[in-house]
Amino acid sequence: MIRKPALLMDILSHGAARTPDKTVLVHGDRNYSWAELDRLTDVIAVNLLKMGLTHGDKVALNAPNIPEWLLAFFGLAKIGAVAVTLNVRFRQAELEYMLNQSEARGMISIGPLKSVFGEFDFVDYLGGLRSKFPGVTDYFFIGGLGEKGFPGARSFESLLAEPSAEDSAALPRAKSKIKPDDPALIIYTSGTTGKPKGAVITQKSLIASAYGQVIQTGMNENDSMVMALPLNHVAGLTCAVNALLICGGKIILQPFFIPSEHLQLCYRHNPTILGGVTTMIVFCFKDPSFKPELLQSARLAMTGGSNVEPWLMEEMIKHFPRCKTINLYGLSECSGGVIMSTLEDDRETLLSSIGRPLAGHSVKTVDQNLKELPTGEIGELMVAGDAVTAGYYNSPQATSETFRPEGLLTGDMGYLDARGYVYLKGRKKEMYIQGGYNIYPVEIENLLTQHPKVRLAAGFGVPDRDLGEIGRFYIVKNPGVELTKEELADFLKKHVANYKIPRQFVFVDELPLTPSGKVAKSLLREQYLKQSTAEV
């Protein structure tokens, strides 16, 4: 039985004691052993203390998937400080709001950045903006300062300087103050309206989700994964990194998801776990360099967001007959995955259900009055257990609306069967009512992506004078095919009641994606609203 850590620092100390020389983290030509990872994060923790940072202080992390991100995160965790995770694509409005709202005192950021989004110098950029977030007094830049330093700015490398014995003596005292319920992260959720909310994720809640995933999926020390899910999101940090660390596996970091590069890393490292949101897997399958015969080391394929789409399941079976597909459902507010498939689930269960709650967690459906609904009846999913986070930072009203004594209101609609399996029907706010009928877009999206000419589909309800609302669905076709709206409607007529067939189909070259790789319906809806307003 894999040992469950009580605190985040225990993950590293357990690994260092168990297999100190084993490689646990890979990035390019850099390899980190368990002993090295534990030692370096101790060094960073000591130097953070020396700088005056301490238990409960907030420090923003702004970097792609590189080892320094994880070194900083665990260094902060070892002194009880809180990491505020940022996306390197954030700019002034987002940074100003999140850094001030979180009351961040420090920032650890990439310096010059070359990425798929172009070149950008954060030293120069943040130096010019620092008056907008005056509470941030300490900056550490990965890759150095160049010639554009400013007061309070240091290189990240300064945190790796070997501390004196006197300075090191402060670390055990700092570690002794850390409790499982202490916050470890603030992750800002991308709500559809208003300002994002900072989910306060504790050391205990992070571990509960990751450990539950390990047990439910049988992850072990022989497992490895090429990790392109962003570390600033629970999908990357909990479902990939912390789960692999807890089971003693290996992580190969990819800074940004680029399908061809991701595949090359997989061919080189032979991972046992293929992981990513559905769109990432689709892009890999469609990439010209995709060679499934070079990925036969995979034993698990984990997809997040909802149950695997039928056509994708067929593709997985065809390309990886010995690989087990796992559905994973989670939210920032529950620290990562909280409902997952089991290794015993058959094809039909995988196609229709997102799985069962992790050990120590429960799920029920409730109506608008929070009354529990019977088996088979659609309601809002409410989850409870240690993975549920501590609420939203400095947002008491939003916290009270979502975090109830009985559990977390997820905002997702679904139902349970007699076995306790959960069936997802879509976001509560996404459900639309057409002519008195409730319609859940995810049901239609899953059907549309079964069409051999459809690559991606996403939809929502829009106002209609006669029916109240009708469905508007955006379609990305497979390259080089012809497809009509009538063809899609005829296809859907074979599978669903006619009232569920969308009245509007819009063909697009691509769909906007969230930082974690899911379709960003909020942006689609904003685009539609701007267009419809302009046409009035």
Please turn the phi angles of the range 327-336 into ³J(HN,Hα) values with the Karplus equation 6.51 cos²θ - 1.76 cosθ + 1.60 (θ = phi - 60°), one per residue in order, whole Hz, x for glycine and proline. 8, 9, 10, x, 9, 4, 5, 10, 6, x
Return a single number: how many Lys pairs in the range 281-380, at a sequence separation of 8 or more or on separate chains, have alpha-carbon atoms below 25 angstrom apart. 4
List the residues whose amide H sits under 5 Å from the amide H of residue 426, counting only those 5 or more places along or on another chain, with H placed 1.01 Å from N in the peptide plane. 413
Using the alpha carbon gyration tensor of the range 377-536, what are the three equivalent-ellipsoid semi-axes (square root of 5 times each eigenvalue), largest first, in whole Å? 30, 19, 17
Modelling each spin label as a point 7 Å along the Cα-to-Cβ direction, I'd like the residue 318/residue 400 distance in nm, to one decimal. 5.5
Which value at 222 nm does the chain reach when only helices count, each DSSP H run of 4 or more adding -39,500 (n - 2.57), with the total divided by all residues and rounded to the nearest 500 deg cm²/dmol? -9000 deg cm²/dmol
Relative to the present Cα-Cα distance, how much length would full extension add between residue 137 and residue 117 at 0.36 nm per residue of separation? 4.4 nm
Rough spin-label spacing in nm, given labels placed 7 Å along Cα→Cβ, for residue 297 and residue 222: 1.3
Whenever you get a sec, compute what percent of the accessible area on the chain sits on carbon and sulfur atoms (1.4 Å probe). 51
Compute the distance in nm between two label points, each set 7 Å from the Cα along the Cα-to-Cβ direction, one at residue 285 and one at residue 369. 4.5
Over its Cα atoms, what ratio of radius of gyration to 2.2 N^0.38 Å does the chain give? 0.97
Helix 203-217 axis, angle to the chain major axis (alpha carbon atoms, nearest 10°): 60
Taking the Cα centroid of the range 86-106 and of the range 389-426, what is the distance between the two, rounded to the nearest whole Å? 26
Taking the solvent-accessible surface of protein heavy atoms with a 1.4 Å probe, what is the per residue accessible area of the chain in Å²? 41
If R₀ is 56 angstrom, what is the calculated FRET efficiency for the pair residue 3 and residue 482, using the beta carbon separation as r and rounding to 0.05? 0.50
How big is the range 43-85 by the Kirkwood estimate over distinct Cα pairs, in Å? 10.2
Each residue of the range 171-181 in turn: what ³J(HN,Hα) in whole Hz from Karplus with 6.51, -1.76, 1.60 and θ = phi - 60°, glycine and Pro shown as x? 5, x, 5, 5, 4, 5, 8, 7, 10, x, 7
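The values are calculated or read from the model by the stated rules, or taken from the named source; none is laboratory data. Everything quoted here is computed from the prediction, not taken from an experiment. Note: ideal-geometry Cβ built from the backbone for every residue, glycine included; neighbour counts use all protein chains shown. Ligands, DNA and RNA are stripped out before the accessible areas are found, and what is left, the full protein with its side chains, is counted by its heavy atoms. Shrake-Rupley method; radii C 1.70, N 1.55, O 1.52, S 1.80 Å.
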